[in-house]
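First comes the structure, then the notes that go with it.
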Amino acid sequence: MKKIVITGGAGFIGSHIVDEFMESYPDANILVLDKMTYAADIRNIRHHIEKKNFDLIVGDICSIETCERALEGADLLIHAAAESHVDHSFSNSLEFSQTNVVGTHCLMEVCRRLETPRIIHVSTDEVYGEILEGAADESSILKPTNPYSASKAAAEMIINGFVQSFKLPVVMIRANNMFGTRQFPEKIIPKFMLMLMQDQKLTMHGTGKHKRHFLAVRDFTNALKILNEKGEIGECYNIGTTQEFQNIEIAEVLCDLFGLSREKYITFVKDRPFNDGRYAVNWNKITQLGWKPTIDLKETLPEIAQWYLSYADRYIEEDKIINHPPHNKPISAVS
């Protein structure tokens with residue numbers, strides 16, 4: 001494999017994919033295509049910038065010309081770029097359709113023209129909609145319930161059209177919520193960590209009893225590598241975990257981690273216009289290829305908290321999330 005293109009490679013998930021594939025395929029040229037919107041950060045991939053086998057194109061996947069420049073000669077496309085925050089999708093849904101649907105369409109069209117040999121599309125478990133009991137397998141009907149998940153399901157429909165009409169070589173993946181370092185603090189774990197560092201109360205939507213499965217991003221990138229090597233073209237694979245928590249449980253665990261009172265630091269706010277009670281996927285299919293999750297959320301939280309303590313200035317200096325310097329919590333408070 002001579003050239004691998006990773007869209008969204010400067011974001012949370014994308015930068016960890018870059019790490020995995022730079023290590024696993026040292027002889028390949030890795031090219032990141034990223035628009036560098038608010039959730040991306042050049043510092044996520046700074047440790048690769050000077051390497052001879054790494055390139056970065058700052059550009060929009062909605063541009064055919066940009067996609068052609070990035071994908072020329074590529075052996076593999078990993079499409080991870082997306083607008084992904086559900087709350088934002090309620091107020092800015094057209095931007096989600098533009099990036100997630102039109103952007104995916106542009107990439108698939110260019111892959112068709114250039115005859116890209118292999119494509120891995122990163123979708124989400126949210127396309128299945130609310131799963132209150134049991135778990136959705138890869139054959140389950142897509143029933144998205146918000147503008148974000150609807151845009152991801154629409155992207156899948158675009159891809160399926162290309163697969164059926166042009167035999168485009170796509171492997172589809174649908175994964176649980178992820179956790180790890182470098183995650184932009186709009187998602188629950190990093191957001192709550194930074195709020196606690198600021199001595200701010202945690203705001204829970206509704207009752208806080210909505211359930212989510214949490215998958216370590218490093219387990220996800222390992223699954224991606226296995227699917228690149230063993231995944232069957234034209235197939236879809238769920239990537240999941242048994243680690244299921246209510247949002248209120250996450251808040252409680254984080255309060256305990258920082259040595260702060262649950263009663264004092266957890267408060268409740270109005271819920272989203274619609275908030276799925278639970279997502280869950282059956283991921284037996286990928287286990288047959290030799291993958292399973294290995295990283296425990298609670299055991300890893302101190303490491304993640306330490307990272308955000310060390311790099312909180314990223315979000316302070318850019319006034320993205322917080323406006324005051326964090327408390328100098330002793331290391332023992334988060335270890």
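For the stretch 176-326, what Kirkwood radius comes out of the mean inverse Cα-Cα distance, in Å?
It is 16.8 Å.
Given the options His205, Gln183, Ile226, identify the residue whose Cα lies farthest towards the positive end of the charge dipole of the stretch 182-227 (+1 on Cβ of Lys, Arg; -1 on Cβ of Asp, Glu).
Ile226
Write down the radius of gyration of the chain and its Dmax, each obtained from C-alpha positions, in Å.
Rg and Dmax of the chain, Cα atoms, are 19.5, 59 Å.
Taking square-rooted eigenvalues a ≥ b ≥ c of the alpha carbon gyration tensor, is the stretch 168-213 rounded, prolate or oblate, where a/c under 1.5 means rounded and, failing that, a/b exceeding b/c means prolate?
Because a/c hits 1.5 or more and a/b fails to exceed b/c, the stretch 168-213 counts as oblate.
Using the 10 angstrom Cβ neighbour count as an exposure proxy, how do Tyr25, Tyr38 rank, fewest first?
Fewest-to-most ranking of Tyr25, Tyr38: Tyr38, Tyr25.
Can you give the FRET efficiency for Phe274 and Lys52, using 1/(1 + (r/R0)^6), R0 = 45 Å, r = Cβ-Cβ distance, to the nearest 0.05?
After rounding, the FRET efficiency stands at 0.40.
If I build a Gaussian network model for the chain, linking alpha-carbon pairs within less than 10 angstrom, which residue out of Phe90, Phe166, Phe179 has the largest mean-square fluctuation?
Phe166
How big is the dipole moment of the chain about its Cα centre under a simple scheme where the beta carbon of each Lys and Arg is +1, that of each Asp and Glu is -1, and everything else is neutral? Debye, nearest 20, please.
160 debye
Any chance you could run the full-extension gain for Leu289 through Lys225? It's 0.36 nm times the residue separation minus the Cα-Cα distance, nm to one decimal.
Between Leu289 and Lys225, full extension yields an extra 21.9 nm.
Mind checking which of His205, His79, His105 has the largest fluctuation in a GNM of the chain, springs on alpha carbons under 10 Å?
Looking only at His205, His79, His105, the biggest GNM fluctuation is shown by His205.
For Ile61, Ile159, what ranking results if the residue with the fewest other Cβ atoms within 10 Å of its Cβ goes first?
Ile159, Ile61
Report the FRET efficiency, 1/(1 + (r/R0)^6), for Glu72 and Glu186, where r is their Cβ-Cβ distance and R0 is 41 Å, rounded to 0.05.
0.75
On the principal axes of its Cα set, how long, how wide and how thick is the stretch 129-193? Give whole Å, largest value first.
47, 30, 20
Return an integer: the convex hull volume of the alpha-carbon atoms of the stretch 202-246, in Å³ per residue.
102 Å³
Calculate log10 I(q)/I(0) of the stretch 1-130 for q = 0.15 Å⁻¹, where I(q) comes from the Debye formula with a single equal point scatterer on each Cα and nothing for solvent.
Result of the Debye calculation: -0.67.
In what order do Trp307, Trp291, Trp283 fall by count of nearby beta-carbon atoms within 10 Å, going from fewest to most?
The fewest-first ordering by Cβ neighbours comes to Trp307, Trp291, Trp283.
If you average the alpha carbon positions of the stretch 140-171 and of the stretch 208-227, how far apart do those two centres end up, in angstrom?
20 Å
Under a point spin-label approximation (7 Å from Cα along Cα-to-Cβ), what is the Lys2-Leu114 distance to one decimal in nm?
About 1.3 nm separates the two model spin labels.
Please express the shape of the stretch 102-223 as an equivalent ellipsoid: the semi-axes are the square roots of 5 times the eigenvalues of the C-alpha gyration tensor, given largest first in whole angstrom.
32, 18, 13
At most 12 other C-beta atoms within 10 Å and a DSSP loop state: those are the exposed GluC sites (Glu not before Pro) I care about. Give me the longest piece of the chain that has none.
Here the longest run is 134-231.
For the stretch 1-143, calculate the relative contact order in percent as a whole number, restricting contacts to Cα pairs under 8 Å that are 6 or more residues apart.
It rounds to 24 percent for the stretch 1-143.
Under 8 Å for C-alpha pairs, at least 6 residues apart: give me the relative contact order for the chain, rounded to a whole percent.
17 percent
Starting from one equal scatterer on each C-alpha and no solvent at all, send me the Debye-based log10 I(q)/I(0) for the stretch 103-152 at q = 0.20, 0.26, 0.33 Å⁻¹, two decimals.
For the stretch 103-152, the Cα-only Debye profile gives -0.78, -0.97, -1.22.
Read the figures in this text as sums done on the coordinates, not as results from a lab. The shown structure was predicted, so the numbers you read here are calculated from the model rather than taken from an experiment. Note that we place each Cβ from the backbone using ideal geometry, even for glycine, and neighbour counts take in every protein chain shown.
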